[in-house]
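Participant: Can you read through this structure? Questions will come right after.
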Amino acid sequence: MTLAELAERPQEKEASRTRRLKAATRVAHERIDQRIMAADPFADRERYGLFLMLQYVFHRDLDCLFFDERLDMMLPDLAGRRRLLLIERDFADLGLAMPRIDAPPMLSGDSAVDIAEALGWLYVVEGSNLGAAFLLKDAGRLGLGETFGARHLAGAPEGRGLHWRTFTAALDAIPLTEDQECRAIAGAEAAFRRVHQIAGELFA
Ligand code: HEM
């Protein structure tokens, strides 16, 4: 798709890259929000375990991005934003077995990952930490919190908002060609598609 074609789409009118990514994935986000909440993940710890599994599979799929030196040069505190280990600790807190997955992660090996698409994936996983504030409150009803069972939903020490704005300021400032811009959006769309796929399998 060319930029001229993209200009026909509402998201292209948005001022910043982050806003364009948000506009492009608004419907996908609404759908996943509804899908997850419909699965009642905070009804009990067993249901929460399914949600934790969704988070695990998704974060495992993109984990290699947090070790990518090219991305590390573009984005602040990339390694510190990784939440897979916290998800693993949440499983341990709850005495739940880690899922055994034979398939390789969806993204693997930095040479195979297109850098612009990777930015779209990272936008999605970082953004999901904003909504996590609401999920953390719900998790509290099950006796879970940022030091037990719901560690991966915690905000950053400097505050969720600031942590997000530091990320988006850097993301918005990266020079991308028109083609890369489109691929960043494609990456964010692919990330949401993947979350939908996992939710479909787990919450069937
Ligand atoms: C794994 C599933 C999810 C993913 C990948 C995801 C992704 C995202 C992304 C990318 C953003 C940032 C949007 C932006 O401002 O550019 C966001 C924000 C948000 N999400 Fe989610 N989300 C998920 C699940 C949920 C669920 C289940 C809820 C329901 C409570 C939710 C509620 C929110 C809210 C309220 C915000 C906006 C927070 C704010 O602007 O302060 N999200 N999410």
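Participant: Please list, by residue number, every one of the GluC sites (Glu not before Pro) in region 97-158 that is coil in DSSP and has at most 10 other beta-carbon atoms within 10 Å.
Facilitator: Listed in order of number, the matching sites are 158.
Participant: For the chain, what does the helix formula give at 222 nm: sum of -39500 (n - 2.57) over DSSP H segments with n ≥ 4, over the residue count, nearest 500 deg cm²/dmol?
Facilitator: Rounded to the nearest 500, it is -19500 deg cm²/dmol.
Participant: Give me 22, 137 sorted ascending by neighbouring Cβ count inside 10 Å, so fewest comes first.
Facilitator: 137, 22
Participant: Taking only Cα atoms, what is the 0 to 90° angle, nearest 10, from helix 26-38's long axis to the longest principal axis of the chain?
Facilitator: Approximately 10 degrees, to the nearest ten.
Participant: Taking each pair of different alpha-carbon atoms in the chain once, compute 1/r for the pair, average those values, and report the inverse of that mean as the Kirkwood hydrodynamic radius in Å to one decimal.
Facilitator: 17.6
Participant: Which angle from 0 to 90°, rounded to the nearest 10, does the C-alpha axis of helix 45-61 make with the longest principal axis of the chain?
Facilitator: Here the helix axis deviates by roughly 30 degrees.
Participant: Right, here's the next one. About the Cα centre, and with charges only on the beta carbon of Lys, Arg (+1) and Asp, Glu (-1), how big is the dipole of the chain? Nearest 20 debye, please.
Facilitator: Computed about the Cα centre, the dipole is about 600 debye.
Participant: Fewest Cβ neighbours within 10 Å first, please rank 193, 81 accordingly.
Facilitator: 193, 81
Participant: Next question, about the same structure. Grab the alpha carbons of region 21-72, take their convex hull, and tell me the volume per residue in Å³.
Facilitator: Enclosed volume per residue, from the Cα hull, is 95 Å³.
Participant: Kirkwood Rh over alpha-carbon pairs of region 125-204, then Stokes-Einstein at 4 °C and 1.567 mPa s: what D in µm² s⁻¹, rounded to an integer?
Facilitator: Translational D for this selection: 87 µm²/s.
Participant: Net charge near residue 149, counting Lys/Arg +1 and Asp/Glu -1 over other residues with Cβ under 15 Å of its Cβ?
Facilitator: Taking every other residue near residue 149 into account, the sum is 0.
Participant: Another question, if that's okay. What ranking of 78, 107 emerges when the number of other C-beta atoms within 10 Å of each C-beta is taken as an exposure proxy, fewest first?
Facilitator: Least crowded to most crowded, the residues run 78, 107.
Participant: Using the Cα gyration tensor of region 60-164, with a ≥ b ≥ c the square roots of its eigenvalues, what is the shape: rounded (a/c below 1.5), prolate (a/b larger than b/c) or oblate (neither)?
Facilitator: oblate
Participant: Could you state the principal axis extents of the C-alpha atoms in region 35-108, from the largest down, to the nearest angstrom?
Facilitator: 41, 27, 26
Participant: May I pose another question? Give me the percent relative contact order of the chain, please, defined on Cα pairs under 8 angstrom at least 6 residues apart.
Facilitator: Computed over the chain, the figure is 32 percent.
Participant: Oh, and also: Scan around residue 150 for amide H atoms under 5 Å from its own, H built in the peptide plane at 1.01 Å from N, and keep only partners 5 or more places away or cross-chain.
Facilitator: Counting only residues 5 or more places away or on other chains, the set is 145.
A short reminder: the numbers here are calculations on the coordinates, not readings from a lab. The model shown is predicted, which means the values in this text are computed figures rather than measured ones. Cβ atoms come from the backbone with ideal geometry, glycine included; neighbour counts cover every protein chain shown.
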